[in-house]
1. For Thr108, Thr153, what's the largest-to-smallest order of accessible area, 1.4 Å probe?
2. Given the whole protein assembly as supplied and a 1.4 Å probe, what does the accessible area of Tyr75 come to in Å², nearest 10?
3. Would you please give the residues with an amide H less than 5 Å from that of Tyr98, counting only those at least 5 places away or on a separate chain, with H modeled from the backbone geometry?
4. Need one number: nm distance between label points at Arg156 and Trp258, each 7 Å from Cα along Cα→Cβ, rounded to one decimal.
5. Keeping every protein chain in place, order Arg257, Arg274 by accessible area at 1.4 Å, biggest value first, i.e. largest first.
6. Hey, got a sec? Which GluC sites (Glu not before Pro) in the range 217-292 land in a DSSP loop and have at most 16 other Cβ atoms within 10 Å?
7. State whether the range 247-300 is rounded, prolate or oblate according to the following rule on the C-alpha gyration tensor (a ≥ b ≥ c being the square roots of its eigenvalues): a/c under 1.5 gives rounded; otherwise a/b larger than b/c gives prolate, and the remaining case gives oblate.
8. Can you put Lys69, Lys80, Lys237, Lys212 in order of accessible area, largest first, using a 1.4 Å probe?
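The values are calculated or read from the model by the stated rules, or taken from the named source; none is laboratory data. If you're wondering where the values come from, they're calculated on a predicted model, not measured in any experiment. Because the Cβ atoms are built from the backbone with ideal geometry, glycine has one as well, and the counts that use them run over all protein chains shown. Accessible surface areas use protein heavy atoms only, side chains included; no ligands, DNA or RNA. Shrake-Rupley method; radii C 1.70, N 1.55, O 1.52, S 1.80 Å.
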Amino acid sequence: MAYRWKNDLKECDVTPEAAYISRRQLMAGAVAGMGLAGLGQRAQAEALEPNSWEDITSYNNYYEFGTGKDDPAYYAHTLKTMPWTVKIDGLVDKPGDYAFEDIMARMTVEERLYRFRCVEAWSMVVPWNGFELSDLLQLAGVQPGAKYIAMETANRPDEMPGVKYRTLDWPYVEGLRMDEAMHPLTIMATGIYGKDIPNQNGAPLRLVVPWKYGFKSIKSVVRITAVDSEPPTSWNKANAREYGFYSNVNPEVSHPRWSQATERKIGGGLFAARMPTLKFNGYGDEVAGMYAGMDLRKNF
Ligand code: MTE
């Protein structure tokens, strides 16, 4: 698989990536402004060390293209991402099919360097490009009765070899409570390292919720529905005992089959020390208030 990737890498210029990293280092102040201040040295230092393009785009979970980590990079080129429309419906003032280009014309795309923690206990640091989900929801005009947002991935057997297998109940679905969806850290990512987001990472737009386990960050979104009650989510439907609706990163609450106390950062090599996992993935200053008074063991 690495060989195939080298082919792809010819198309992307590696130099801007290096330049990008040093630019990010200059922007350390901006990163602190995004809520990483006060997290302690490890988190701040780590925040300046994004994973490589190759790490981010060759080690993926996207079961519509197979369950192997290198399956998505190999198979996802078959997904047709143009044209692309996102149906926005449910409790909104302006329901309809929104063309991806029309969305992009209205949204402000920013760089967001986020830690990304998979429930499988590996992590990366990813320089996303994207816009705040709240801006898109405001465009559609969310009605007061809407309490949650439901999202759906494309379900295209002709383009997604993995959906032949009942690994999950397709389409992949996810959801957020409205305050989580409206939170400024919650973005729809459309790029990585300033380039269009590759298919294996969820082109042309995917959710990113940095304080939650990675499976909440649903890829290749075709539908966003404002609803009045908690929507079903794919991993919860598959195994409710292991995967809850909230899925906030929490080192104190183990997965039934493994500890969540530490994580392995991808790209560090086999013998790299595991790092302690941070509650809310290090974004607690911004998001913990949304869960005040909730039992996080029960609402895992
Ligand atoms: N979205 C869809 N549609 N299908 C998937 O299998 N996997 C999830 C999430 N979104 C998944 C998905 C999981 S388990 C993780 S960890 C992240 O995507 C992985 O994102 P990445 O491949 O960009 O690192």
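1. Numbers: Thr108 90, Thr153 0 Å².
Output order, biggest surface exposure first: Thr108, Thr153.
2. About 90 Å², rounded to the nearest 10.
3. Val86, Lys87, Ile88
4. 3.2
5. Accessible-area ranking of Arg257, Arg274, largest first: Arg257, Arg274.
6. Glu242, Glu252
7. On the way: a/c = 3.76, a/b = 1.76, b/c = 2.14.
Oblate, since a/c reaches 1.5 and b/c is not below a/b.
8. Details: Lys69 50, Lys80 125, Lys237 100, Lys212 5 Å².
So, going from the largest accessible area down, we get Lys80, Lys237, Lys69, Lys212.
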